[in-house]
Amino acid sequence: MTSSVINDADDFVREALEGLVATHGDLLALHDEPLFVTRRNPSTGAVALVSGGGSGHEPLHTGFVGDGMLDAAVPGAVFSSPTSLQVKAAVESVDTGRGVVLVVKNYTGDVLNFSIAAEVLADRHDVEVVVVDDDLATESAADGGPGRRGTAATVVVEKVCGAAARRGDDLAAVAGLGRRVVERSASLGVAYRACTNPLTGALSFDLAPGEIEVGVGIHGERGRSTQQAGTADEVVGDLVGRLVEHLDLGTGARVLLLVNGLGATHPLELSVAARAARAVLRDRGVVVERSLVGPYVTALDMHGLSVTLTRLDDELLELWDAPVSTAAVTW
């Protein structure tokens, strides 16, 4: 027995999706065998947008299916990639004939299975793959690993690409905008407590009282360093400072600020973090054109947060502001 709200481990993700779709029946439709989620009212004559990955990061990706964002989301088991068969079925379901952009977080399983699906579909569907790799904590691929992980910048990619598809852009243009967002984005996360495996009740790593883990991943991976927790201004200031330096943001640079809760971080805490981030950016002359604060890319019940900065231009700002209607974001 665990302390999580769960019936049977094998049905955990499916039952959660059934609840989500029942709650948002005007927006979402559930497909079974293989499992994926699409819009209730599909778009017509537009480039389609499909994303997905392991469950446990909600509302990513299923919460972003709807008008102005994703056409389909493909969920795997908790922290596990969906299969290539799921991705293939989702693409076949939503392709209107103008092609499909696959938005993929840079994790080995996701990249492998989405790439396999794209190859299998290549003779019948035009598919472009956009890989998101915004996490500065995994900057180096010198050890032969996959390189930077994909984290909360995925939300920005899905929003911008969804808006571009909605206005009628072609496949190459939509994919190109997604890659532009990736190039202009960077993220860093910190945890005050690791996430709990809902099936076993075990923490993914241990921290002593007063310690924080800097550079954590969204699958409960340890970060680059364990250190004593400072004040919110100190912790967030360190994260934002590194992002500003990496993106080479000088006076007058325009950004989208995403302060993301990792699952168990209270809105009061996230608002304090947003205040701290804005203060650092203001002191450096960086203009926060838009911001989003809340739990958008979680790591189950991890107590922590991540900060994402995306350097904006006029077109990206226009696409961010374009109307959207999903379970997780609407404006």
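So if I take the centroid of the Cα atoms in the stretch 4-21 and the same for the stretch 206-225, what is the distance between those two points in Å?
Here the two parts' Cα centres lie 27 Å apart.
May I ask you to evaluate 6.51 cos²θ - 1.76 cosθ + 1.60, the Karplus curve with θ = phi - 60°, for each residue of the stretch 182-198 and list the ³J(HN,Hα) values in order in whole Hz, giving x for glycine and proline?
With coefficients 6.51, -1.76 and 1.60, one gets 4, 4, 9, 10, 8, 9, 8, x, 9, 10, 9, 8, 5, 7, 9, 5, x Hz.
By how many nm would the segment from Ser3 to Glu211 grow when fully extended, if each residue of separation counts as 0.36 nm and the alpha-carbon distance is taken off?
72.4 nm
Mind giving me the FRET efficiency for Thr44 and Thr330? R0 is 22 Å, r the Cβ-Cβ distance, nearest 0.05 is fine.
Computed FRET efficiency for Thr44 and Thr330 comes out at 0.55.
How much of the DSSP bridge set in the chain is antiparallel, in percent, rounded to the nearest 5?
If we restrict to bridges inside the chain, about 55 percent are antiparallel.
Which of Asp313, Asp169, Asp32 moves the most in a Gaussian network model of the chain with Cα springs under 10 Å?
Asp32
Which residue, Asp238, Asp95, Asp283, has the most motion in a Gaussian network model of the chain that connects Cα atoms within less than 10 Å?
Per the Cα network of the chain with a 10 Å cutoff, Asp283 tops the list.
Using DSSP to call loops (not H, G, I, E or B), can you name the trypsin sites (Lys or Arg not before Pro) in the stretch 198-251 whose Cβ has at most 16 other Cβ atoms within 10 angstrom?
Arg224
What is the log10 of I(q)/I(0) for the chain, computed with the Debye formula using one identical point scatterer on each Cα and no solvent, at q = 0.07, 0.09 Å⁻¹?
-0.26, -0.43
Per DSSP H run of n ≥ 4, the term is -39500 (n - 2.57); total these for the chain, divide by its residue number, and report the mean residue ellipticity at 222 nm rounded to 500 deg cm²/dmol.
After summing the helix terms and dividing by residue count, I get -10000 deg cm²/dmol.
In the stretch 98-180, which trypsin sites (Lys or Arg not before Pro) are in a loop and have at most 16 other Cβ atoms within 10 Å, using DSSP for the loop call?
Sites meeting the loop and neighbour criteria: Arg124, Arg167.
What ³J(HN,Hα) values, in whole Hz, does the Karplus curve 6.51 cos²θ - 1.76 cosθ + 1.60 give for the stretch 267-274 when θ = phi - 60°, with x put for Gly and Pro?
x, 4, 5, 5, 5, 4, 5, 4
Values quoted throughout were computed directly from the atomic coordinates according to the rules given, and no laboratory measurement underlies them. Note that the structure is predicted; figures quoted are calculated from it, not measured. Heads up, the Cβs are rebuilt from the backbone with ideal geometry, glycines too, and the neighbour counts pull from every protein chain shown.
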